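The values are calculated or read from the model by the stated rules, or taken from the named source; none is laboratory data. Source: prediction; values computed, not measured. Backbone-built Cβ (ideal geometry, glycine too); neighbour counts: all protein chains shown. These accessible areas exclude ligands, DNA and RNA; they are computed on the full protein's heavy atoms, side chains included. Shrake-Rupley method; radii C 1.70, N 1.55, O 1.52, S 1.80 Å.
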Amino acid sequence: MGQMDAGMKNELFREEEMDDDDESPSERQIVVGICAMTKKSKSKPMTQILERLCKFDYIDVVIFPEEVILEEPVEKWPLCDCLISFHSKGFPLDKAVEYAKLRNPLLINDLNMQYFIQDRREVYRILQEEGIDLPRYAVLNRDPDNPEECNLVEGEDQVEVNGEVFHKPFVEKPVCAEDHNVYIYYPTSAGGGSQRLFRKIGSRSSVYSPESSVRKTGSYIYEEFMPTDGTDVKVYTVGPDYAHAEARKSPALDGKVERDSEGKEIRYPVMLTAMEKLVARKVCLAFKQTVCGFDLLRANGHSFVCDVNGFSFVKNSMKYYDDCAKVLGNMVMRELAPQLHIPWSIPMEAEDIPIVPTTSGTMMELRCVIAIIRHGDRTPKQKMKMEVRHPLFFELFEKYGGYKTGKLKLKKPKQLQEVLDIARLLLVELGQHTDCEIEEKKSKLEQLKTVLEMYGHFSGINRKVQLTYLRNGKPKASSEEEDSKKDGPSLLLVLKWGGELTPAGRVQAEELGRAFRCMYPGGQGDYAGFPGCGLLRLHSTYRHDLKIYASDEGRVQMTAAAFAKGLLALEGELTPILVQMVKSANMNGLLDSDSDSLTDCQQKVKARLHEIMQKDQDFTEQDYQKLAPTGSPSLVNSMKVIENPVKTCDKVYALIQSLTSQIRKRLEDPKSADLQLYHSETLELMLQRWSKLERDFRMKNGRYDISKIPDIYDCIKYDLQHNASLDLEDTRELFRLSRALADIVIPQEYGINRAEKLDIAQAYCVPLMKKIQLDLQRTHEDEAVNKLHPLYSRGVMSPGRHVRTRLYFTSESHVHSLLSIFRYGGLLNEEKDQQWKQAMDYLSAVTELNYMTQIVIMLYEDNNKDPSSEERFHVELHFSPGVKGCEDEETIPLGFGFRPASSENEDKKPNQGSLEDLSQDEPDQALQVSDPINIQRRSPMIRNRKTGSMEVLSETSPTHSAKGCTSHRLFISCSRQSPEIKPASGLGFEGCSMVPSIYPLETLHNSLSLKQVDEFLNSVCESNSEVQAKTMKALSGLFASQSQISLYSPQQPLSSSGSEASLRPPSQPLWHGSIPSSAVSSAGPSSPITESSGLNFSFSE
């Protein structure tokens, strides 16, 4: 940044050399005139810089009074040798141009170019001529007298300007640069609407609006939206060889301006890359503005200029004030001293000394966090299949290119509308003539219509229609189809709906994001006193390289956005966060799985599973061998609950029948007929959901369709949690039995014996494993990524620290598969490694990988070890089974806590497994506590029967084991209300359902070397050769379109660790107290709190 000519470095003003010449009358002073509006010429930065400029012996400064500028003719303006003059609101630029012609002073900023700077079209034209990268754009000029005549065609998710198409998200900027009302329009797939940016008003710089159509009057520039990481870079040049850059939060993100204790917008100095310095030079010269501010967007590894503001100074940076005065002073002297015969030579001095930060002690430095996370709580997934033969469906299939692959996915609102139109049309025809040629069944068409009309509007997030071409009609009649006798081609229409993230799911994701922050080191300065501020600081100072990927399902994307919101302490709607922060990774299987194309191995496994589950007899020893060859306790326990699978299915079927009849009775009762259930579902819809399961579960031949078990469990789990207020009978029993069945069927669909589990897992996960391997390898030296400028970053104690975070949000299949790979891929030998054996026992006791399940990999670097040694990098593996189920309390398996001290480290003073001890690095600790003894008395948040090393604060680590403590839980599971949701009098309203807490992370292993992990990933990926081609394709696609998010995210379990909860006496509920709710890690103690009776804690310093 501060790369100026040698002549402009840390310049001392060499006053002593000039002292002798003072008396000589021949020299005169150089007058620098400041001609600008008072608001600008008397501003704090201007005052600071002029004070410093006056320290040059031969320079005098004259400020032109505003009334002179506005009222006097230019002949009466003061004289000067050098003019600093610039336009702002109300400034008479014409007069300034006239004055410059009259007096011909040295111009610091050219005046004629300032006319261009006021017009965004001219700015873009000049940038383009200079070959500077800018977003793809088009100009829409409207004649104010007839605004209708213009080349604008507006579609639902795009606009076409002068023949150029811009898909949402795009940006709409007024052509006048003084007009700051810039709008960003979001695609319907992300929720639609727009973000309206404006000049800062108090703490807001933008607001979200549901309006999705563009403005119809005025002239605008339309341009592609650049997916940055949620920060904008402001660059300030002083001449072509000096630029200061700083980052601030992008106003488009949530529109909340971050301010420090003095009320100033928080900004951080940034290092510019060599390319960006060249851009700064070009901008400065092209616009002929020595002092010039412009905006950079960093996206896809590229920098784009999106705005040039002309004259502007950096606010409150002493170093910049010094540098700016020095550069300007030297410039004026260099140009004018020779003409005025002033003896002056450009001072030379030593190069700047680079500051090299080091971390002391044997502490390890966190370098990389990788997490694979399942989406949050969702509504039940539902689907309906029907065979269609009407020509209208074939036309639709052809229109969207279905014949290319024989398959078609329709998700866009316009496409769904067309399907709905066809359904309505056919129903009308059916109503008029019963004997007409329409093959489609009326009941199915009605359901199609009902589902598509369900929300009163389309948002691509919650419904989709798939059409598959069948050459000879549908092969076999499933339970829902009568045999149709007709042959010839048909289309299989599959309608999928439901499965959207619930408000509870959003809260879970946001809380997990908040808790995740606490895994990152440090925290000081403006954020001190709230947990996880270390991460926020890392992120906003560009030392956090964060990217968030999500599969293309709406619930997964929304989970990722809600998590990002909690992680980075953002506010407001999820749509803008989703568009800016979450990269959709539907890149050939990185996080998406084509559920339609099961591997052969999966087909065989399913067939075997169905066969065993359809025997009408108690499980025999042989069945145990067949179904649970790995001897997993969770499976064996479920098999014991079930005893006879068919009898259990009979019971489940009877319970579903009882449930549907109860709902029908409720519907007849006028009191409850229009009852609103959770997430605006009605009793009618709930009945449809259950009747369909009732119809499908028991097939025509009297056997049970085992593949419906997960759906039954899904529905009952949902209703028990969210619609418990209905008080339906026997729901607990239905839950218990369907859960036991699901605990067998779900995990075993991913393989029954080890070989199958590994085989199926590889089919899903190889692209993701390869990507994880790259993430771990790329951590060593990353020149290209944003780093902080060491000279400017006062208050940021270790500018070199740089952490990479990669978050992958996905669905159940990927989480199951990834876990299988770690369990059965041969990472470690259980016989030889005690810690791994315990971890494997723990995993096999986990029954369900619930919503928000996390698999976390953390990479640490020990700077004291030889860079080439195996001990230099150290990997830890953590896991949490996600959200607590409705009746989990008694059955949960216990792990060994998060990052327990490994035995060989216990005698060393610092706990090597614990988070980097930054106490010597950060002057003000995250929580200043006047009475540490007090904490020890009140704060123990310990899980029973475990050692926790990170339970109180990241700065302290209790080294006790609380084995025999009695404990009581603060909340009965499932009844905790999220602090953001005020309890309401009646249950069952939107958002008022209970939000269960999430299990804390458990450490599976904490002393793996990077080499071990790397070799393991290699062997797992290579043993599966046919996936190779697919992987390479996926990864190359990934790097070609690097529009990822850079967020930084810590991985910390949703336990009380690091949150203020740990400082509160156990008698108070978590959310009372003076701490503002935004600062509370509202995860709540998912771990029990021990009484403080007679427990001794030793805190490591």
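Summary of values
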quantity	calculated
Apportionment of accessible area to carbon and sulfur, segment 817-860, percent (1.4 Å)	43
With every protein chain in place, segment 191-239: carbon and sulfur % of accessible area (1.4 Å)	55
Test item: Cα-centred dipole of segment 692-753, Lys/Arg +1 and Asp/Glu -1 on Cβ, debye	240
Length-normalised contact order for segment 254-351 - Cα pairs under 8 Å, 6+ apart - percent	13
Added length on full extension, which subtracts the Cα-Cα distance from 0.36 nm per residue, Ser707 to Gln603	36.2 nm
Quarter of the Cα convex hull surface for segment 128-254, i.e. its orientation-mean projected area (nm²)	9.7
Mean shadow area of segment 815-893 over all directions, Cα convex hull, nm²	6.8
Contour minus Cα-Cα distance for Glu75 and Lys409 (0.36 nm per residue)	112.9 nm
Neighbourhood net charge (9 Å Cβ-Cβ; Lys/Arg +1, Asp/Glu -1) for Lys315	+2
Accessible-area ranking of Asp487, Asp862, Asp618, Asp705, largest first, probe 1.4 Å	Asp487, Asp618, Asp705, Asp862
Proximal charge balance of Arg872 [Cβ under 10 Å; K/R count +1, D/E count -1]	-3
Additional length obtainable on full extension of the chain from Glu265 to Tyr115, 0.36 nm per residue less Cα span	51.1 nm
Alpha-carbon centroid distance for the pair segment 133-153 / segment 216-239, whole angstrom	18
Spacing of the two label points (7 Å from each Cα toward its C-beta) at Asp143 and Lys256, in nm	4.8
Over segment 104-198, relative contact order from alpha-carbon pairs under 8 Å, at least 6 apart, %	18
Calculated Rg and Dmax of segment 594-674 using C-alpha coordinates, Å	18.5, 54
Accessible surface ranking that places the most exposed of Met840, Met699 first, with a 1.4 angstrom probe	Met699, Met840
Ordering of 405-411, 229-235 by packing [mean C-beta count within 10 Å, highest first]	229-235, 405-411
Where segment 271-348 is the region considered: accessible area per residue in Å², 1.4 Å probe	39
Trp690 - accessible surface, heavy atoms, 1.4 Å probe, Å² rounded to 10	0
Calculated diffusion of segment 272-346, Stokes-Einstein form, Kirkwood radius summed over Cα pairs, 20 °C and 1.002 mPa s, µm²/s	148
Whole-percent carbon and sulfur share, accessible surface of segment 552-673, 1.4 Å	46
Charge context of Glu164, other residues only, Cβ under 12 angstrom, K/R +1, D/E -1	-2
Listed peptides 659-670, 750-761, 123-134, 804-815 by packing density, highest first (mean Cβ within 10 Å)	804-815, 750-761, 123-134, 659-670
